[in-house]
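The values are calculated or read from the model by the stated rules, or taken from the named source; none is laboratory data. None of the values given here were measured: they were computed from a predicted structure. As a convention, Cβ positions derive from the backbone with ideal geometry for all residues, glycine included, and neighbour counts pool all protein chains shown.
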Amino acid sequence: MNEPSADPGPCADQLPSDRPAPNGPSRGLDLAVALDLVMLERGLSAEQAYELIRLGAERSGRDLHAVATDVIDLGTSRLPR
């Protein structure tokens with residue numbers, strides 16, 4: 001009896017051209033979304049929100065975009081006050 005094998009999905013070079021690559025334009029979009037969330041939740045300007053995310057990245061030793069992704073996934077509670 002043949003069981004269907006699980007399809008692992010397309011390889012990176014087989015992704016549709018209209019879908020951004022994992023490290024492509026979506027990284028900038030993630031930062032923009034994170035900035036908007038910080039602005040809304042903390043009542044800050046865009047410049048202040050960027051500075052807060054940058055400070056969080058600097059203090060944690062992580063990439064700015066990794067911190068932005070955390071803000072999207074977890075909220076702003078892990079950012080400095």
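See the values below:
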| read-out | value |
| --- | --- |
| Output for region 66-77, where each listed residue is among the hydrophobic types (A, V, I, L, M, F, W, C) and either within 20 Å of LEU40 (Cβ to Cβ) or touching a residue at least 60 places away in the same chain (Cβ under 8 Å) (or both) | VAL67, ALA68, VAL71, ILE72, LEU74 |
| Failed criterion for ALA68 (all others in (1) at pLDDT 75 or above; (2) small (Gly, Ala, Ser); (3) in a loop (DSSP other than H, G, I, E, B); (4) surrounded by 10 or more Cβ atoms within 10 Å (Cβ to Cβ) hold) | (3) |
| Residue list for region 31-65, filter: small (Gly, Ala, Ser) and assigned to a loop (DSSP other than H, G, I, E, B) | GLY43, SER45, GLY61 |
| Those residues of region 35-65 which are touching a residue at least 12 places away in the same chain (Cβ under 8 Å), within 16 Å of ARG81 (Cα to Cα) and surrounded by 13 or more Cβ atoms within 10 Å (Cβ to Cβ), in sequence order | LEU35, LEU37, VAL38, GLU41, ARG42, ALA49, TYR50, LEU52, ILE53, LEU55, GLY56 |
